[in-house]
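Asker: Dropping a structure here in structure tokens format, bear with me for questions.
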6 protein chains.
Amino acid sequence: MRFDGRKNDEMRKVNITTGYIKHPEGSVLIEFGDTKVICNATVEEKVPPHVKDTGKGWVTAEYSMLPRATGTRNQRDISKLKISPRSAEIQRLVGRSLRGVCDMEKLGERSIIVDCDVIQADGGTRTASITGGYVALYLACQKLVDAKIIKENPVKCGVCAVSVGIYNDEVITDLCYVEDSNAQVDLNAVMTEDGNFVEIQGTGEGRTFSEEELLKMLSNAKKACGELTMLQKEAISKGI
Amino acid sequence: MRFDGRKNDEMRKVNITTGYIKHPEGSVLIEFGDTKVICNATVEEKVPPHVKDTGKGWVTAEYSMLPRATGTRNQRDISKLKISPRSAEIQRLVGRSLRGVCDMEKLGERSIIVDCDVIQADGGTRTASITGGYVALYLACQKLVDAKIIKENPVKCGVCAVSVGIYNDEVITDLCYVEDSNAQVDLNAVMTEDGNFVEIQGTGEGRTFSEEELLKMLSNAKKACGELTMLQKEAISKGI
Amino acid sequence: MRFDGRKNDEMRKVNITTGYIKHPEGSVLIEFGDTKVICNATVEEKVPPHVKDTGKGWVTAEYSMLPRATGTRNQRDISKLKISPRSAEIQRLVGRSLRGVCDMEKLGERSIIVDCDVIQADGGTRTASITGGYVALYLACQKLVDAKIIKENPVKCGVCAVSVGIYNDEVITDLCYVEDSNAQVDLNAVMTEDGNFVEIQGTGEGRTFSEEELLKMLSNAKKACGELTMLQKEAISKGI
Amino acid sequence: MRFDGRKNDEMRKVNITTGYIKHPEGSVLIEFGDTKVICNATVEEKVPPHVKDTGKGWVTAEYSMLPRATGTRNQRDISKLKISPRSAEIQRLVGRSLRGVCDMEKLGERSIIVDCDVIQADGGTRTASITGGYVALYLACQKLVDAKIIKENPVKCGVCAVSVGIYNDEVITDLCYVEDSNAQVDLNAVMTEDGNFVEIQGTGEGRTFSEEELLKMLSNAKKACGELTMLQKEAISKGI
Amino acid sequence: MRFDGRKNDEMRKVNITTGYIKHPEGSVLIEFGDTKVICNATVEEKVPPHVKDTGKGWVTAEYSMLPRATGTRNQRDISKLKISPRSAEIQRLVGRSLRGVCDMEKLGERSIIVDCDVIQADGGTRTASITGGYVALYLACQKLVDAKIIKENPVKCGVCAVSVGIYNDEVITDLCYVEDSNAQVDLNAVMTEDGNFVEIQGTGEGRTFSEEELLKMLSNAKKACGELTMLQKEAISKGI
Amino acid sequence: MRFDGRKNDEMRKVNITTGYIKHPEGSVLIEFGDTKVICNATVEEKVPPHVKDTGKGWVTAEYSMLPRATGTRNQRDISKLKISPRSAEIQRLVGRSLRGVCDMEKLGERSIIVDCDVIQADGGTRTASITGGYVALYLACQKLVDAKIIKENPVKCGVCAVSVGIYNDEVITDLCYVEDSNAQVDLNAVMTEDGNFVEIQGTGEGRTFSEEELLKMLSNAKKACGELTMLQKEAISKGI
């Protein structure tokens, strides 16, 4: 039994609210327990230089936290004139994960930028960002379809993410902040709705981990991602 | 009658939700119609150099907008490596307004930083920031009193703000985005609960304005600020 | 009687020297007592993106102080990699004030940049910048007319600015540094030659202020701006 | 058979030259085929704020590439005023990997910074950086032991890294640039000398991957890391 | 005969106005013809880290140009977030030149910063900066002596600078902008009042130069520096 | 006799290795004793704005040091968000020196960027950069000739550089770090293969210097540059 009453393989309560902000083409508030992330997808009719004139589109992500999303206040990036390296790392992960399920030819030569802004953090902000970002991305793409700008939704299949880890030598799912900061191993799994991997990032924080432990963690991740996929589908069907 | 059905001297619906984010010492979501600003007050046990060793405290504000708070996406400040000059101007205004009602000796040698993050913008973000920021500031101070860190709440009196302006040669209150972008004159009034001014900033955008028009605008502002003061008091009494 | 012998509604000695620097299209040294600002207006045959292809021009301002314009040395902006927020605020005010009296269609698709560089500061640098910047702007525009690049001077009417304030509970005009740093209320009024307002910015530094006090301050401002208008006209007639 | 004649599970020729640069406490040139990285470990008698006064040390890494380490020239970070997000991501990985095998109490309150500068890139720069960085770190620590500044080498066990991937649906080891840029899946495994994981990062670039494929890749990684461990030990014994 | 009527070895008219700005410890406006530079020397009771606790002082310089000191407007450094490399180079030269004649032990553990701000440029801004900067430095030091903060003026001997060059295969002195931009060779000589060199920097712009030409240029420089030394002494005796 | 056994007019052992890095159009490792600089020349089919549409090319240089090229670690420029002023000064010198021997019309409208990255520093890094940079530049140009992109190698004549100085009142050649940091005078001479000057920069660090001493230093420089020219020619003939 975990400190908040969850079983080892149990996720926190997940809520996905679509249409959260009125301006973006796709907008979602996703909550993994007390972690709250606003995911806004913007369509822009231009692409970065390396994609130009290829007929293909581009999907990218930006990730940031409000200064007081956390227990103590973090200075804004602009005050330090440097993007936080942690944010840089996370937004690259989110971008790769979303690109991994998107057919860039169907999207056509335009960009979708998914802004993930954490307004309250309690562990799992990157996995919530991927899971919510996917819904915002899907909805923004669907708007392009509905407006007959593109023919078919370029999203090939669902993608979601969950953190799993080893805490007190037990494998647990969806670590909240207290668990995360004391975990021995922390692994983020990004999975498609059909149970394959888009990305895995596992880190031994306090100790190394064996292949056996890796497999146990991945099994937990698979179960949780199945649940997240259901919630995403439900949110999308409501959000359209 | 205005395009959204309001009378010329009528504010939009204002909501103040306290305890919005769980970590900050004071946290408020303030809504002026579709404008939504998260105001988080943080207490830090240090002061900037110019206040050090004076026994006095400091209150400051930071203001920012999510990239997609607006109709088209704005690049983040960190992407341009420059704080938006508009944000710089606004956060100085918010900071001065809040300092104007705070007794720095009672606060003691510590800082309160009020972060105003606009998650959805529809005009009046700076006046909403001052109005909501005041509530967050008050609550953070009260927490210091409750924890017996300071004896008395250093907030001397209430402060709130409203925009008034001239639109189609008529004086109107609390301009939403559509009105604001077509206004002839735009004036932000920051007022205390007893009807005095902390700051006024009036700008002729499309034309100049006369003293008579100034007085008419200030009269509208006074009425609206009276209403805002009531809502602030109500929110504070619930929030404590 | 004020510490420098002035009456409450008396400005310091104002000098406007045209043709101060040889390269710019319009160049002015303006002195408000010991405050000295070089105002250089540059014509550039391009406009910022938001004006492009509208047939209209643009007027903007930049404001800076030499490191030793003040009693103690200020680090240069470039050393801190940040424009001083105070400078950002002031240059936005100067830009808005000058745009307020300029007909952008008559200017045509070109920009005028007015650089205001304070070489010696003694209070009132922003009002001196507006007052001198106007003269530089006018002269630069006139050069365009003389060169038959545009038909008519796009400046619609004169604009100038003065600071007024409350000091020891008395309303005074054109605060020098010593007065400014101890003022209870500080108000900058930007006025046209026909006595209307382009912008007002009033701030209670030490205390709030009433409508009655506001009107008294504006009355002082009106008187001073009348005098400044005369001096501007004289300088322009000499400078052409 | 791969385009350069290697078998699927065969690494490129690896060379580790110790004492490469004369100034650093530990200095290594590591070559994975045509990939060449200078790894320099510096001991500094200070620690970052979050470790201060804990009696513990800190290990961190910085990663950069010469502008012409690659086929086309990359602008220097300083020209863009931004650290490349890819570099930020990699140096966090290198730092975590090295910290993962270091006993910070034995190191005492000092820092070791491992600079990994890629002078020639041909795929696998991050795994070469970890593998070479470990040797530089070990040698720098040993110098502290030899100088009797610390009692025992704080390095707990060896760590090395290799990239594995799926290319034309086959699992291959140690991808060179041509393979890497066409790989379907790319996985970097950081392993201890006893066959456990410190970190794994797997990314589906062109397609997703299954658990079975993951296990096949990890098996390849394990084999390669065994070989790298041998080479590291040999280099260290020569380098001391 | 040169285009402005000067002989080959003739300087432009040089003016040195002391006490130009009221706040700095030493303040000079120096004019080399149409080149005008404000040189302000500031005394600060602190030293940079590399001098700390040595009992010695430090002298440094900063150099900048107003945006419109030149024929076309230059963007401010802060707009580009980079100090102009040319300015960086010049301020290092000015700093070295002034340090070269200053006894740091006599100065004691304090800094003198000499700000050279070019308000109008017409060639020779760096040599004017050194020549005027010296006078500002001397006066600031003398103020320290007069205030009995130090016993003796730490300036060991006079230093001044002049540009010489080869233009149309003739050696000329003190190049103005038109000459400078078409010169074949450009040499800046920094000399003491007793005819020795503190620094020489000669550059073949359009062609290389021989030792014989070098000697001819240095002979011109020596003559001009003799004259500048006289003017500096005169200015100092008036300025004290 | 010098501390490392050299005679006063003797250079350290110089090695020039061509083809050092495989990607650049010209690549050289140059060693002046323990000073090691990688000089990579890159051809880019574009020119900076000031050369555009002139039919002429451009040659520029960038200079940087690895953090641990020196005895103590230097922070990277990107950590401080400022290019080191010393590097800015040096890369301007290297660029001017290489441009001085290059016929820009023969190069045609393209750029050559010469990156000089110091991997180990022991004095004379700027002179090694010029000497090695020249070889890299020549080889890159020759590649353009061989590929029939241009008709003739635009390099007009050889250029190399050496430092000379006054140490213990004796004139010495090619100062290593220990000598450099204690030298009284330091002069860098950039010379063509026919014995003319492209640039000279002489600085009195501890004291001033006379014309006689200058001539003695230049005589030493001439001798050393003759030797460097031979080594450059040899390297080029091998490198082609």
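The values are calculated or read from the model by the stated rules, or taken from the named source; none is laboratory data. No experiment lies behind these values; they were computed from the predicted model shown. Neighbour counts run over all protein chains shown; Cβ positions are idealised from the backbone, glycine included. We work out accessible area using only protein heavy atoms, side chains counted, and drop any ligands, DNA or RNA first. Shrake-Rupley method; radii C 1.70, N 1.55, O 1.52, S 1.80 Å.
Asker: What do you reckon, how do B:Lys46, C:Lys238, B:Lys36, A:Lys143 stack up by accessible area (1.4 Å probe), largest on top? All intermediate terms of the calculation are to be shown ahead of the outcome.
Answerer: Values: B:Lys46 130, C:Lys238 155, B:Lys36 45, A:Lys143 105 Å².
Output order, biggest surface exposure first: C:Lys238, B:Lys46, A:Lys143, B:Lys36.
Asker: Separate question: Report Rg (one decimal) and Dmax (nearest whole number) for chain E, counting Cα atoms only, units Å.
Answerer: Gyration radius and largest Cα-Cα distance of chain E: 17.6, 55 Å.
Asker: Cα convex hull of the stretch A:1-142: how many Å³ per residue?
Answerer: 125
Asker: So which residue, out of F:Leu98, F:Leu107, F:Leu81, gets the largest mean-square fluctuation from a GNM of chain F using Cα contacts under 10 Å as springs?
Answerer: Among F:Leu98, F:Leu107, F:Leu81, the largest mean-square fluctuation in the Gaussian network model of chain F belongs to F:Leu81.
Asker: Give me the compactness ratio for the stretch A:84-181, meaning the Cα radius of gyration over 2.2 N^0.38 Å.
Answerer: 1.26
Asker: Say a site is exposed when it is one of the GluC sites (Glu not before Pro), sits in a DSSP loop, and has at most 13 other Cβ atoms within 10 Å; what is then the longest site-free stretch of chain B?
Answerer: With GluC sites (Glu not before Pro) excluded where exposed in loops, chain B gives B:46-151 as its longest stretch.
Asker: Once you have the alpha carbon radius of gyration of the stretch B:182-240, what is it after dividing by 2.2 N^0.38 Å, with N set to its residue count?
Answerer: 1.35
Asker: For E:Asn182, place a label point 7 Å out from Cα along the Cα→Cβ vector, do the same in each other copy, and report the separations in nm, one decimal, smallest first.
Answerer: 5.1, 5.9, 5.9, 6.0, 8.1
Asker: For the stretch B:111-236, would you read off the P(r) tail past 25 Å as a percentage of all alpha carbon pairs?
Answerer: Roughly 30 percent, once rounded to a whole number.
Asker: Quantify how strongly other chains surround peptide C:82-91 by giving the mean number of their Cβ atoms within 10 Å of each of its Cβ atoms.
Answerer: The shielding value for this peptide is 5.
Asker: Another question, then. Pop a pseudo-label 7 angstrom from the Cα along the beta-carbon direction at both E:Glu45 and A:Ile149 and give the gap in nm to one decimal.
Answerer: Distance between label points: 6.3 nm.
Asker: Can you compute the FRET efficiency between C:Asp194 and D:Asn8 using 1/(1 + (r/R0)^6), with r the Cβ-Cβ distance and R0 = 51 Å? Round to the nearest 0.05.
Answerer: Values: r = 85 Å, r/R0 = 1.67.
For R0 = 51 Å, the calculated efficiency reads 0.05.
Asker: Can you quote the Å³ per residue value for the convex hull of the Cα atoms in the stretch E:41-97, rounded to an integer?
Answerer: 119
Asker: A further question on this structure: On a 0 to 90 degree scale, rounded to 10, what angle separates helix C:125-146 from the longest Cα axis of chain C?
Answerer: Tilt relative to chain C: about 20 degrees.
Asker: Expressed as an acute angle from 0 to 90° and rounded to the nearest 10, what is the orientation of the C-alpha long axis of helix B:211-239 relative to the principal long axis of chain B?
Answerer: 40
Asker: If eta is 0.890 mPa s and T is 25 °C, what Stokes-Einstein diffusion coefficient results for the stretch D:18-65, Kirkwood Rh from Cα pairs, in µm²/s?
Answerer: Once the numbers are plugged in, D ends up at 192 µm²/s.
Asker: Moving on to the next point. What base-10 log of the normalised intensity I(q)/I(0) is obtained for the protein assembly as shown from the Debye formula, alpha carbons as equal point scatterers, at q = 0.05, 0.09 Å⁻¹?
Answerer: Each listed q maps to, in turn, -0.45, -1.47.
Asker: Oh, and also: Give me the inter-chain shielding for C:93-106: mean count of other chain Cβ atoms within 10 Å, whole number please.
Answerer: Neighbouring Cβ atoms belonging to other protein chains average 1 per residue here.
Asker: How big is the antiparallel share of DSSP beta bridges in the stretch C:1-115, given as a percent to the nearest 5?
Answerer: Once the DSSP bridges in the stretch C:1-115 are tallied, antiparallel ones form about 75 percent.
Asker: Shifting gears a bit: Which distances, in nm and shortest first, link the C:Lys56 label point to the same label point in every other copy, taking 7 Å along Cα→Cβ?
Answerer: 4.2, 4.2, 4.3, 6.0, 6.1
Asker: Can you list the copy-to-copy distances for B:Ser237, using a point 7 angstrom from Cα toward Cβ, in nanometres, shortest first?
Answerer: Shortest to longest, the spacings are 4.7, 6.6, 8.2, 8.2, 9.9 nm.
Asker: How far is it, in nm, from the label point at B:Lys156 to the one at E:Val178 when both lie 7 Å from their Cα along the line to the Cβ?
Answerer: Going by the 7 Å Cα→Cβ label model, 6.4 nm.
Asker: Can you give the direction-averaged projected area of the convex hull of the alpha-carbon atoms in the stretch D:146-200, in nm²?
Answerer: Details: hull surface 22.0 nm².
That works out to 5.5 nm².
Asker: Near the axis that takes chain C to chain F, which C residue has its beta carbon closest, and at how many Å?
Answerer: Residue and rounded Å distance to the axis: C:Leu81, 3.
Asker: Taking chain D as the reference, fit the longest principal axis to its C-alpha atoms, fit the long axis of helix D:85-99 to the helix C-alpha atoms, and give the angle between the two in degrees, 0 to 90, nearest 10.
Answerer: Helix D:85-99 sits at roughly 60 degrees to that axis.
Asker: In debye, nearest 20: dipole of the protein assembly as shown around its Cα centre with unit charges on the Cβ of K, R (+) and D, E (-)?
Answerer: Numbers: 192 positive and 210 negative charges, 1 e Å.
Magnitude of the dipole: close to 0 debye.
Asker: Please average, across the residues of D:205-211, the number of beta carbons from any other chain that are within 10 Å of each residue's own beta carbon, and give a whole number.
Answerer: That works out to 6 on average.
Asker: Given the rule -39500 (n - 2.57) for each run of at least 4 DSSP H residues, summed and divided by the residues of chain D, what is its mean residue ellipticity at 222 nm, to the nearest 500 deg cm²/dmol?
Answerer: Value at 222 nm, helices only: -10500 deg cm²/dmol.
Asker: Quick one: divide the alpha-carbon radius of gyration of the stretch E:90-131 by 2.2 N^0.38 Å and tell me what you get.
Answerer: On the way: Rg = 12.1 Å, N = 42, 2.2 N^0.38 = 9.1 Å.
Taking the Cα Rg and dividing by 2.2 N^0.38 Å, one obtains 1.33.
Asker: Would you tell me the accessible area of B:Lys106, worked out with a 1.4 angstrom probe on the heavy atoms of the protein chains, in Å² to the nearest 10?
Answerer: 80
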